[in-house]
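Colleague: Can you read through this structure? Questions will come right after.
The values are calculated or read from the model by the stated rules, or taken from the named source; none is laboratory data. Since this is a predicted model, take the numbers as computed values, not measurements. No Cβ is skipped: glycine too gets one built from the backbone with ideal geometry, and neighbour counts run over all protein chains shown. Keep in mind that these areas ignore ligands, DNA and RNA; they rest on the heavy atoms of the full protein, side chains included. Shrake-Rupley method; radii C 1.70, N 1.55, O 1.52, S 1.80 Å.
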Amino acid sequence: MEQESLTADEIALYDRQIRLWGMGTQLRLRSAKVLVINLSAVGTEVVKNLVLGGLNSLEILDSSKVKEEDFSAQFFLPNDDSIVGDLKLLHALPQIQELNNRVTITSNTRPLNENEGSYFKKFDLVIATELSSKSEILWLNGITRESNIPLYVSGLHGMFGYIINDLIRHESEAEREIGNQPRVVGTSISGNKTIIGVQYNKLTNKELVKVEDVYSQLDNVLSSKKVSSQLNKRQMRRLSASLPLIFTLFDWQRPTDIEADLDNSKLKAAAINMCQHLNIPSTVITDEYVELVCKQAFTEFSPTAAILGGCLAQDVIQFLSKKESPINNCLILDGIRSEMPIYSL
Amino acid sequence: MGRDTYLKKVLGEDRYQKVQGSTVLMVGAGGIGCELLKNLMLSGYGTIHIVDLDTITLSNLNRQFLFRKGDIDQSKSITIKKAVESFNFHGTKLISHHGNIMDTDQFPIDWWDQFSYIFNALDNLEARRYVNKMALFLKKPVMESGTTGFDGYVQPIFPYKTECFDCQPKATPQTFPVCTIRSTPSKPIHCITWAKEFLFQQLFDESVEGDAEDLSNATDNDKELENLLKESNELVELRKLVVATGEVISQNTFFSEMVRKIFQIDIERLLLIDTLWTNRLKPIPISDAQIEEVADLIRSGGIEQRLESLIDTQVWSPLENLLVLYKSATNLQTRMKNNKFIAFDKDDEDTLDFVVTAANLRSLIFQIDTLSKFDVKQIAGNIIPAIATTNAIISGFSNLESLNFLAQNSRTDSSMVFISIRPNKYVTSATLEAPRKQCASCSVARGILKSEEGTLDQVTLEQFIDKVKSKYSYSSDISIILGKSKLIYDFDFDDNLSKSLSEIGFKTGELVLIQDEDDEVENLELYIEVGLKSNDIELPELELRQKILIEKENGHENGVGKDAEEESGDVIESDMAFETIVIEDEVEEEVPAPKKRRIN
């Protein structure tokens, strides 16, 4: 049985974060069981952050063998060429366990699609990185939906990246400063976020605000036409090509030859097509971005992995804490412009 | 090689080569530093120097992922270098320096000159300001960064081209009037400040002279002033008890004398000044019965058991506070036998316990809520919450933005980035602004004065002045300040003219500030670098800009010259006619308040 309070040792170790999110959140973390699929560059960052944070247990599912290009940004691998071809988890797991021995770290090296739906039921939350195709994303989302498990999906394309999530439904409650106008129950904050409770606290002169997040299934996210309705004129004018280009790549076959660039004109045509699909002007597709993405598609890069892995792990902690409203439901990282818009699709 | 295929594709062959050929400096190997070093190595930087003066503590381990339990008390800069070797995939050359970045002997200016740019991963204002200044001297780009809790920022700095670290005012330490701290506290923080900055300081730390003089400015109430003076003098007597040898004065005597004085006599005295309590709750001194209860427990030897059951995150009873105060006071008294003084340190349990309990007991007396040790530690130790994720995000942007240093349009491509989590975005980025005209750092021209030891012995101040005047075409007389505030020459102070520069104090690492007496051209600050083989003094090639007139603010000139130098310091003067007590600035990592900026 779980202890109901933190030990003095835990409080000393987690001191600086308990001062931020409180004992309650730390206890919730300590009881959370999380699955991370694929120890990619983003996966590596997410695992590092969550293990440091102090989960109950973390299982990593990855059947891949070490490739030479994994020595770009996957820092749990030892610096040793002779391990190329070995199971990646065999070499990475000991380094991960060293981060925090309070977290139970386990591995699963069976290929993803060979795991039955019931396998996923033992986790409170699933994070998948660098899934191989859109159909794999939708297959996994089908399982998590059926078992009522929140799901995050993330990936990198060099300086670009994404987090899409289907957390099904989430309620959060936090004390907020009183704004210019009193908050009203039923107000939609942004797309799928709604205020469902407001309680005024006389003592602190603050409002206890309850927010409900309702999530779309990922096939709806990936085929959404809602982007344009969420942007004002200025935002629409400033919209970068990163969203349609990243969405285009969900339909792209991962290249087997990592040296080769994508076909420029094919990508451009597909991206313009995607713009029509997303109901945004095709003029956002610039040659500069098409050229960048042709080179950077499906590549891993440490700084953007750190940013994306930081956001994703932070959002998982927010989700588990039930204090903050999480990302809902599509975050795009544009490392050229240093932007991270979130769309509610 | 497959290892750098991704890097070549993401950065482009040219830029990747530049990254590989770069020698960069990372100042700070803590929360941001651990993350940043990993990123910099994995993005292919050729040579990285790491500087940190700190050692590893337990509370670092929730986020500084390169450190382990077994590394506690080891040097951060040295440990971090060993820790990253396991993933040094791109053959980065790492050089660590355990030391203070502001140490001019360990880090002279020619050492700084080897870097193409500087990454700040710092946790305090003083070092940030110093690095900023060095960057201005050398015109080196800096990537400044900071985090606090969920918030964080990066700021690329191109010296004299974009805003520097000092261009935007920074949050200043909180201060309180002396009266509030010494006579009329109303919040827990007032009592904590009293316990840490006054009581603890007076009893155990290095003695501070001139209390009496300072106090006369503190209040107009003569009666109160008299009290404050009396209190201080009696504390001096108490301190004598602290350092007296144990055989003559038993530990119990010191403790009970102290408790009677600070929690009874001083309070009773305060109560005699009616005017203080017309609009306030009267304090209630600790009762004799309470003191007796403690004394009984001490005599019966039952206190250890009581102390063991205490939990740091819970609020303690008055008796429990007294017991912990007794325990910590006697420990400190014992330690004083081998130490001239003991400074407060939030990680030193005796000093923390003393401050926690003294503050809580004072709170009880003034009918203020008492706090748990966990909460008092945060306030007394000025602890800023810190998490792995924020540091990861900020280090990622620090690294990402730095790549623009190598790009064609480096300044326009670079932006400041702030974490600001909203339903429709995660960060806010802003274009870099031009330096602020009023900035005390940017409005001064800077350069390096090169010389060799022997030359400084031969050249007189008069010769130096002539040289400076002709080099920079000053039309009027000049004044010269050496170091922080030593005036060595102006139009009616010519005593030093015939002295040699070395006699006056010119040496490596010293700063010389030259001001135009007519106030027409900007000030010039020179960094003295000795060592160059030369028979003469070499002045930097610089064009001094016309001084920008700045409107007078608050009745005194603002922005340039020596006034500005003082203003940028950390000592804050209150507008009120009180002396102020400054809570020390020991923050872990910090974020400036976001300013109104042009948002991308």
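Colleague: Any idea which of A:88, A:65 is within 30 Å of residue A:296 (Cβ to Cβ) and surrounded by 22 or more Cβ atoms within 10 Å (Cβ to Cβ)? Walk me through how you get there before you give the answer.
Modeller: Working: A:65 fails: surrounded by 22 or more Cβ atoms within 10 Å (Cβ to Cβ).
Selected residue: A:88, the only one of A:88, A:65 that is within 30 Å of residue A:296 (Cβ to Cβ) and surrounded by 22 or more Cβ atoms within 10 Å (Cβ to Cβ).
Colleague: Does residue A:256 fit the bill of being free of Cβ contacts under 8 Å to residues at least 24 places away in the same chain, over 28 Å from residue A:228 (Cα atoms) and more than 11 Å from chain B (Cβ to nearest Cβ)? Working first, answer last.
Modeller: On the way: free of Cβ contacts under 8 Å to residues at least 24 places away in the same chain: yes; over 28 Å from residue A:228 (Cα atoms): yes; more than 11 Å from chain B (Cβ to nearest Cβ): yes.
Judged against the criteria, residue A:256 is a match.
Colleague: Return the residues of segment A:328-345 that are assigned to a loop (DSSP other than H, G, I, E, B), surrounded by 23 or more Cβ atoms within 10 Å (Cβ to Cβ) and facing chain B (nearest Cβ under 8 Å); say none if nothing qualifies.
Modeller: Matches in segment A:328-345: A:328, A:335, A:338, A:340, A:344.
Colleague: List the residue pairs whose Cβ atoms are under 7 Å apart, where the first residue sits in segment A:174-188 and is assigned by TED's automatic domain parsing to the domain that holds residue A:203, the second is in a loop (DSSP other than H, G, I, E, B) and of a type in the set (Lys, Arg), and the two are 6 or more positions apart or on different chains.
Modeller: Hits for this filter: A:174/A:323.
Colleague: Please list, ordered by first then second residue, the pairs with beta carbon atoms under 8 Å, 6 or more apart or interchain, first in segment B:457-481 and part of a helix (DSSP H, G or I), second among the basic types (Lys, Arg).
Modeller: B:461/B:499
Colleague: Within segment B:76-93, can one find any residue that is of a type in the set (Ser, Thr, Tyr), in a strand (DSSP E or B) and surrounded by fewer than 24 Cβ atoms within 10 Å (Cβ to Cβ)?
Modeller: Step one: list which residues in segment B:76-93 are of a type in the set (Ser, Thr, Tyr), which gives B:77, B:79, B:86, B:92.
Right, trim to in a strand (DSSP E or B) and you get none.
Within segment B:76-93 (the criterion being of a type in the set (Ser, Thr, Tyr), in a strand (DSSP E or B) and surrounded by fewer than 24 Cβ atoms within 10 Å (Cβ to Cβ)), the answer is no, since none of the residues qualifies.
Okay, residues lined up against (1) within 14 Å of chain B (Cβ to nearest Cβ); (2) acidic (Asp, Glu); (3) open to solvent by 60 Å² or more (accessible area, probe 1.4 Å):
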{"residue": "A:175", "(1), (2), (3)": "no, yes, yes"}
{"residue": "A:190", "(1), (2), (3)": "yes, no, no"}
{"residue": "A:199", "(1), (2), (3)": "no, no, yes"}
{"residue": "A:224", "(1), (2), (3)": "no, no, no"}
{"residue": "A:229", "(1), (2), (3)": "yes, no, yes"}
{"residue": "A:237", "(1), (2), (3)": "yes, no, yes"}
{"residue": "A:240", "(1), (2), (3)": "yes, no, no"}
{"residue": "A:246", "(1), (2), (3)": "no, no, no"}
{"residue": "A:274", "(1), (2), (3)": "no, no, no"}
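Colleague: Please count how many residues of segment B:350-386 are in contact with a Phe, Trp or Tyr (Cβ under 7 Å, 6 or more places away or on another chain) and either open to solvent by 30 Å² or more (accessible area, probe 1.4 Å) or aromatic (Phe, Trp, Tyr) (or both).
Modeller: Of the residues in segment B:350-386, 1 are in contact with a Phe, Trp or Tyr (Cβ under 7 Å, 6 or more places away or on another chain) and either open to solvent by 30 Å² or more (accessible area, probe 1.4 Å) or aromatic (Phe, Trp, Tyr) (or both).
Colleague: Collect the residues in segment B:1-17 that are open to solvent by less than 20 Å² (accessible area, probe 1.4 Å) and away from chain A (no Cβ under 11 Å), keeping them in residue-number order.
Modeller: Residue satisfying the conditions is B:16 alone.
Colleague: Of all residues in segment B:35-52, which are open to solvent by less than 10 Å² (accessible area, probe 1.4 Å) and more than 10 Å from chain A (Cβ to nearest Cβ)?
Modeller: To start, the set of residues in segment B:35-52 that are open to solvent by less than 10 Å² (accessible area, probe 1.4 Å) comprises B:35-45, B:48, B:50-51.
B:37, B:45, B:48, B:50, B:51, listed by residue number.
Colleague: While we're on this one: Within segment B:422-437, restricting attention to residues that are at the interface with another protein chain (Cβ under 7 Å from one of its Cβ atoms) and outside any strand (DSSP E or B), which residue is farthest from residue A:14 (Cα to Cα)?
Modeller: Filtering segment B:422-437 for residues at the interface with another protein chain (Cβ under 7 Å from one of its Cβ atoms) gives B:423-427, B:429.
If we keep only those that are outside any strand (DSSP E or B) too, we end up with B:423-424.
Numbers: B:423: 28, B:424: 30 Å.
Residue satisfying both the conditions and the ranking: B:424.
Colleague: So which pairs qualify, if the first residue must be in segment B:171-191 and under 16 Å from residue B:375 (Cβ atoms) and in contact (Cβ under 8 Å) with a residue 12 or more places away in the chain, the second must be open to solvent by 40 Å² or more (accessible area, probe 1.4 Å) and acidic (Asp, Glu), the Cβ gap must be under 7 Å, and the two must be at least 6 apart or on different chains?
Modeller: Listed pairs, sorted by first residue: B:188/B:369.
Colleague: Provide a single number: the residues in segment B:174-183 that are assigned to a loop (DSSP other than H, G, I, E, B) and either in the same structural domain as residue B:275 (by TED's automatic domain parsing) or surrounded by 21 or more Cβ atoms within 10 Å (Cβ to Cβ) (or both). Break it down into steps so the answer makes sense when it comes.
Modeller: We begin by selecting, within segment B:174-183, every residue assigned to a loop (DSSP other than H, G, I, E, B); these are B:174, B:183.
Imposing the further condition that a residue be either in the same structural domain as residue B:275 (by TED's automatic domain parsing) or surrounded by 21 or more Cβ atoms within 10 Å (Cβ to Cβ) (or both) reduces the set to B:183.
Total satisfying the criteria: 1.
Colleague: While we're looking at this one, here's another question. For the subset of segment B:394-421 comprising residues that are at the interface with another protein chain (Cβ under 7 Å from one of its Cβ atoms) and out of contact with any strand residue (DSSP E or B) (no Cβ under 6 Å at 6 or more places or on another chain), which member is surrounded by the fewest Cβ atoms within 10 Å (Cβ to Cβ)?
Modeller: B:400
Colleague: Here are some conditions: (1) at pLDDT below 95; (2) open to solvent by 10 Å² or more (accessible area, probe 1.4 Å); (3) closer than 24 Å to residue B:382 by Cα; (4) in contact with a strand residue (DSSP E or B) (Cβ under 9 Å, 6 or more places away or on another chain). Residue B:171 meets all but one. Which one does it not meet?
Modeller: That leaves (4) as the condition not met.
Colleague: If you don't mind, there's one more thing I want to ask. Output the residues belonging to segment A:42-92 that are of a type in the set (A, V, I, L, M) and farther than 27 Å from residue A:25 by Cβ. I'd like the intermediate steps shown before the answer.
Modeller: Applying the first criterion (of a type in the set (A, V, I, L, M)) to segment A:42-92 yields A:42, A:46-47, A:50-52, A:55, A:58, A:60-61, A:66, A:73, A:77, A:83-84, A:87, A:89-90, A:92.
Within segment A:42-92, A:66, A:73, A:77, A:83, A:84, A:87, A:89, A:90, A:92 meet the criteria.
Colleague: Quick check on residue B:153: is it touching a residue at least 40 places away in the same chain (Cβ under 8 Å) and over 23 Å from the mean Cα position of the chain (by Cα)?
Modeller: On the way: touching a residue at least 40 places away in the same chain (Cβ under 8 Å): yes; over 23 Å from the mean Cα position of the chain (by Cα): no.
Spelling it out, it is not the case that residue B:153 is touching a residue at least 40 places away in the same chain (Cβ under 8 Å) and over 23 Å from the mean Cα position of the chain (by Cα).
Colleague: For segment B:531-539, state whether one or more residues are under 32 Å from the mean Cα position of the chain (by Cα) and modelled with pLDDT of 90 or more.
Modeller: At the first step, the residues of segment B:531-539 found to be under 32 Å from the mean Cα position of the chain (by Cα) are B:531.
With modelled with pLDDT of 90 or more added as a condition, the list becomes none.
No, that holds for no residue.
Colleague: Here is a follow-up. Would you pick out the residues in segment A:312-327 that are in a helix (DSSP H, G or I), facing another protein chain (nearest Cβ under 10 Å) and open to solvent by less than 20 Å² (accessible area, probe 1.4 Å)? Working first, answer last.
Modeller: Going through segment A:312-327, the residues in a helix (DSSP H, G or I) turn out to be A:312-321.
Filter once more, keeping what is facing another protein chain (nearest Cβ under 10 Å): A:312-318.
A:312, A:313, A:314, A:315, A:316, A:317, listed by residue number.
Colleague: Then there is this: State whether one or more residues within segment B:490-501 are out of contact with any strand residue (DSSP E or B) (no Cβ under 6 Å at 6 or more places or on another chain) and within 14 Å of chain A (Cβ to nearest Cβ).
Modeller: The answer is no, given that none of the residues of segment B:490-501 is out of contact with any strand residue (DSSP E or B) (no Cβ under 6 Å at 6 or more places or on another chain) and within 14 Å of chain A (Cβ to nearest Cβ).
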